[in-house]
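Accompanying notes for the structure given below.
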Amino acid sequence: FYTSDNDANSVLPQYVVFDASVSYRCEILNFKQLLALTAYNLFNESYFIIQSYPMPLRTFLLTYNMEIL
């Protein structure tokens with residue numbers, strides 16, 4: 001999606017985005033396992049990297065990996 005402001009001469013404002021991740025690794029019955037939670041745009045900053053195309057607000061990603069030995 002995009003915004004209605006399509007001025008080619010406009011300058012994109014500065015922004016700072018913080019991401020964070022926590023993970024837990026363990027081994028159970030010879031299976032290495034990893035559980036991780038990642039938060040992108042932690043402080044819900046509204047920003048653009050391309051004019052008129054806003055980036056996503058705060059999002060979360062939960063992942064689980066298992067390695068069979």
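Can we say residue 47 is among the hydroxyl-bearing types (Ser, Thr, Tyr) and surrounded by 13 or more Cβ atoms within 10 Å (Cβ to Cβ)?
Answer is yes for this residue.
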Next on the checklist: Can you pull out every residue in segment 44-69 that is within 26 Å of residue 12 (Cβ to Cβ), at pLDDT below 95 and not small (Gly, Ala, Ser)?
Outcome noted: 44, 45, 47, 48, 49, 50, 51, 53, 54, 55, 56, 57
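The values are calculated or read from the model by the stated rules, or taken from the named source; none is laboratory data. These numbers were taken from a predicted model, which means no experiment stands behind them. FYI the Cβ positions are ideal-geometry reconstructions off the backbone, even for glycines, and counts take in every protein chain you see.
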